[in-house]
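Please read the structure below before turning to the comments.
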Amino acid sequence: MNNKNKIKVLYIDDEQNNLVGFKATFRFDYNILIAIDTDQAYNHLKAHPDISVILCDQRMPEITGSIFFEEMKDRYPDPVRMLITGYSDIESVIDAVNKGHIYRYIKKPWTDADIRSAIEEGNKYYISTSMLAVKNKELQAAYDELGKFTYSVTHDLRGPLLSVIGAIDLAKNMDDLTEIRSLLNMMDDAVKKLDEFIRNTHEYYNLKRGKLIFEKIDFNKLMADAASIFNIAGRMDNVHFISKVDQDEDFYSDENSIKIILNNLFSNAFKFQKKNGSEKFVSTNINISNGNAEIIVKDNGIGIDESHINKIFTMFYRATSDEPGSGFGLYNVKDAITRLGGTIKVESALNEGTTFIVSLPSKETEP
Amino acid sequence: MGNIKKLNFIVIDDSKLDCFIAEKVITNTGKCDDVVSFVSAEQALESIISTEQAPHLHTIILVDIQMPVMNGFQFIEAFEKLGTDVIRNYTIFVISSSINENDLKRVDNYTSVKQFLNKPLNSNVLGALLSQY
């Protein structure tokens, strides 16, 4: 067995012979660390946060095993603590058990089988409690996120809705048809924003909870699909959509995630164009080689201020109020890329444009 | 009161539609001399700093809470640092879609904020508010 997969055990005893004998007996089955005093024990604990079982002799010259456990357990609560002791120390053992300082004790003289079963049992306990701690942490993070999420969702769902209610109220008393039409256009935008937000929420959920399906990706087809959508949007706003795909090899990834990445990058590139810019463009360059896809999306739009650039991937972060946005898009992009094992970089200069560089590995095996 | 004094208005909201609605509702009250909208709180603040206020004129600010870059709370905090000579010429109303209790409580902590208003703004609410001016 590889040493890495062995159970890591720390044994503390003031007699050198016991340490050597113990290590010799169990080193094939376990990863044994030995300490002749508590200083050495602390050094091991500091250097090896993955120790799962600690065995300590009760009778040592400077400190008893039970007191050592009592002292160390707040700082290193995870390893399972076991005391090795003779019958005469039984009072202190009972005390230590009752105070929760030790998981069990091993009676002297011990047999190899005693130690083995104690380590195996202790390790099972260690794994289940540490898994519980990890799960608790995940749960807390999910709960915190849900709180933040609900706050923003309430705003982003109610906002456009209340705008439309307000607009309807106004329109009731309007007689000028031109004015009513311009109000209708604004209501249209508000409702579309709401719809975009709901779609983004759905994407977010899919990315968080959905299963990745790795299949052959045809970037030419993906770009043709995207072009058919964004060419229309581009023509309306006078933005050229240029794309170049260089794919000579098979590439495997999750198509839904890649669509989410591309769509969000494109819609941002189109959205954040200069109002009166000339020769506006969104250009995409996709290059597949050596099992890696590099996707470069470049625009000559309004760019991102240096002070915001580090925060653009944060959920609900919006760097401008010039255009409506949910603050969801780039968060989802980053999330999708991370799940696919890729990276994203951004280069931008205010008033000059923004370039996103995405790198994704081909995934030929199941996630 | 007595003689009808006209008021200036500043609307700060990142939603253009909400700005438009507020402008219309404000104009319809007939008490408005001038209304300016800003979709960015930073720009609104710059404008307040650079505008010399005529001594007899009072300006009502309607500010949204959740906005990108500078939110409503940040705006109010920055505004409150401008000094009493500036502050006394303005009255702030917070107008938001928020139903979050923390947001509502937080509004109470700012002395420069007169009241919290729920969106959407309508002429009944605004009319009642302006009856005191």
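Testing residue A:77 on (1) within 26 Å of the chain's Cα centre (by Cα); (2) assigned to a helix (DSSP H, G or I); (3) more than 14 Å from chain B (Cβ to nearest Cβ); (4) loosely packed, with under 15 Cβ neighbours inside 10 Å, one condition comes back false. Which one is that?
For residue A:77, the failing item is (2).
If residue A:171 satisfies all but one of (1) within 20 Å of residue B:66 (Cβ to Cβ); (2) within 14 Å of chain B (Cβ to nearest Cβ); (3) of a type in the set (A, V, I, L, M, F, W, C), what's the number of the condition it fails?
Residue A:171 satisfies all of (1) within 20 Å of residue B:66 (Cβ to Cβ); (2) within 14 Å of chain B (Cβ to nearest Cβ); (3) of a type in the set (A, V, I, L, M, F, W, C) except (1).
Can you name every residue in segment A:200-215 that is among the aliphatic types (A, V, I, L, M) and under 16 Å from residue A:331 (Cα atoms)? Before the answer, list the steps.
If we filter segment A:200-215 for residues that are among the aliphatic types (A, V, I, L, M), which is where we start, we get A:207, A:212-213.
Within segment A:200-215, A:207 is the sole residue that qualifies.
Of the residues A:351, A:287, A:263, A:332, which is away from chain B (no Cβ under 14 Å), touching a residue at least 12 places away in the same chain (Cβ under 8 Å) and part of a strand (DSSP E or B)? Working first, answer last.
Working: A:351 fails: part of a strand (DSSP E or B); A:263 fails: part of a strand (DSSP E or B); A:332 fails: part of a strand (DSSP E or B).
Exactly one residue qualifies, and that residue is A:287.
Looking only at segment B:23-45, count how many residues are surrounded by fewer than 18 Cβ atoms within 10 Å (Cβ to Cβ) and not in a helix (DSSP H, G or I).
5
Looking at B:126, B:121, which one is outside any loop (DSSP other than H, G, I, E, B), within 13 Å of another protein chain (Cβ to nearest Cβ) and in contact (Cβ under 8 Å) with a residue 24 or more places away in the chain?
The match here is B:126.
List the residue pairs whose Cβ atoms are under 8 Å apart, where the first residue sits in segment B:35-48 and is within 14 Å of another protein chain (Cβ to nearest Cβ) and on the phi < 0 side of the Ramachandran plot, the second is buried (at least 22 other Cβ atoms within 10 Å of the Cβ) and among the aromatic types (Phe, Trp, Tyr), and the two are 6 or more positions apart or on different chains.
From residues that are within 14 Å of another protein chain (Cβ to nearest Cβ) and on the phi < 0 side of the Ramachandran plot, the pairs are B:41/B:75; B:44/B:38; B:44/B:75; B:45/B:75; B:45/B:79.
Does at least one position in segment A:109-119 carry a residue that is in contact with a Pro (Cβ under 6 Å, 6 or more places away or on another chain) and surrounded by 10 or more Cβ atoms within 10 Å (Cβ to Cβ)?
Within segment A:109-119 (the criterion being in contact with a Pro (Cβ under 6 Å, 6 or more places away or on another chain) and surrounded by 10 or more Cβ atoms within 10 Å (Cβ to Cβ)), the answer is no, since none of the residues qualifies.
Using the structure shown, decide if residue B:73 is surrounded by 15 or more Cβ atoms within 10 Å (Cβ to Cβ) and assigned to a helix (DSSP H, G or I).
Yes; evaluated as a whole, the condition is true for this residue.
Among the residues in segment B:63-75, are any more than 18 Å from residue A:156 (Cβ to Cβ) and away from every other protein chain (no Cβ under 14 Å)?
Scanning segment B:63-75, I find no residue that is more than 18 Å from residue A:156 (Cβ to Cβ) and away from every other protein chain (no Cβ under 14 Å), so the answer is no.
If I filter segment A:139-162 down to residues being among the small types (Gly, Ala, Ser) and more than 9 Å from chain B (Cβ to nearest Cβ), which single residue comes out as surrounded by the most Cβ atoms within 10 Å (Cβ to Cβ)? Can you show your working first?
Residues of segment A:139-162 that are among the small types (Gly, Ala, Ser), as a first pass: A:141-142, A:147, A:152, A:159.
Retained after the next criterion (residues that are more than 9 Å from chain B (Cβ to nearest Cβ)): A:141-142, A:147.
Numbers: A:141: 10, A:142: 12, A:147: 10.
Applying the filter and picking the extreme gives A:142.
If I filter segment A:83-92 for residues that are of a type in the set (D, E, K, R), over 18 Å from residue A:6 (Cβ atoms) and modelled with pLDDT under 95, do I get at least one hit?
Yes, the conditions are met somewhere in segment A:83-92.
Scan segment A:225-256 residue by residue and report those that are among the small types (Gly, Ala, Ser) and touching a strand residue (DSSP E or B) at 6+ places or on another chain (Cβ under 9 Å).
Listed by number, the residues that qualify are A:226, A:227, A:233, A:234, A:243, A:253.
Out of all the residues in segment A:196-215, which are part of a strand (DSSP E or B) and either basic (Lys, Arg) or loosely packed, with under 15 Cβ neighbours inside 10 Å (or both)? Working first, answer last.
Start the filter on segment A:196-215 by keeping residues that are part of a strand (DSSP E or B), which leaves A:214-215.
Across segment A:196-215, the qualifying residue is only A:215.
Within the set of pairs 6+ apart or on separate chains, which have a first residue in segment B:21-34 that is away from chain A (no Cβ under 14 Å), a second that is aliphatic (A, V, I, L, M), and C-beta atoms under 8 Å apart?
Listed pairs, sorted by first residue: B:31/B:4; B:31/B:7; B:31/B:130; B:32/B:7; B:32/B:26; B:33/B:7; B:33/B:57.
Taking the condition touching a helix residue (DSSP H, G or I) at 6+ places or on another chain (Cβ under 8 Å), surrounded by fewer than 16 Cβ atoms within 10 Å (Cβ to Cβ), within 20 Å of residue B:71 (Cβ to Cβ) and of a type in the set (Ser, Thr, Tyr), does residue A:343 pass?
Taking the combined requirement at face value, the residue does not satisfy it.
Quickly run through segment B:80-111 and pick out the residues that are of a type in the set (Ser, Thr, Tyr), at pLDDT 90 or above and within 19 Å of residue B:67 (Cα to Cα).
B:96, B:110
Could you pull out the residue among A:180, A:198, A:165 that is at pLDDT 90 or above, more than 26 Å from residue A:280 (Cα to Cα) and away from chain B (no Cβ under 11 Å)?
Details: A:198 fails: at pLDDT 90 or above; A:165 fails: away from chain B (no Cβ under 11 Å).
Sole residue among the options that is at pLDDT 90 or above, more than 26 Å from residue A:280 (Cα to Cα) and away from chain B (no Cβ under 11 Å): A:180.
Quick check, is residue A:301 modelled with pLDDT of 90 or more, assigned to a loop (DSSP other than H, G, I, E, B) and over 27 Å from the mean Cα position of the chain (by Cα)?
yes
Look through segment A:216-242, keep the residues that are over 24 Å from residue A:335 (Cα atoms) and surrounded by 17 or more Cβ atoms within 10 Å (Cβ to Cβ), and return whichever of them is modelled with the lowest pLDDT.
By that ranking, first place goes to A:234.
Read through the list (1) assigned to a strand (DSSP E or B); (2) within 27 Å of residue A:165 (Cβ to Cβ); (3) in contact with a Lys or Arg (Cβ under 9 Å, 6 or more places away or on another chain), then give the number of the only condition that residue B:61 fails.
If we test residue B:61 against (1) assigned to a strand (DSSP E or B); (2) within 27 Å of residue A:165 (Cβ to Cβ); (3) in contact with a Lys or Arg (Cβ under 9 Å, 6 or more places away or on another chain), just (3) comes out false.
Report yes if residue A:316 is within 26 Å of residue A:207 (Cα to Cα), surrounded by fewer than 22 Cβ atoms within 10 Å (Cβ to Cβ) and in contact (Cβ under 8 Å) with a residue 12 or more places away in the chain, otherwise no.
Spelling it out, residue A:316 is indeed within 26 Å of residue A:207 (Cα to Cα), surrounded by fewer than 22 Cβ atoms within 10 Å (Cβ to Cβ) and in contact (Cβ under 8 Å) with a residue 12 or more places away in the chain.
Residue check: is residue A:220 touching a residue at least 24 places away in the same chain (Cβ under 8 Å) and in contact with a Lys or Arg (Cβ under 8 Å, 6 or more places away or on another chain)?
Judged against the criteria, residue A:220 is not a match.
The values are calculated or read from the model by the stated rules, or taken from the named source; none is laboratory data. Keep in mind it's a predicted model, so treat the numbers as computed, not measured. As a convention, Cβ positions derive from the backbone with ideal geometry for all residues, glycine included, and neighbour counts pool all protein chains shown.
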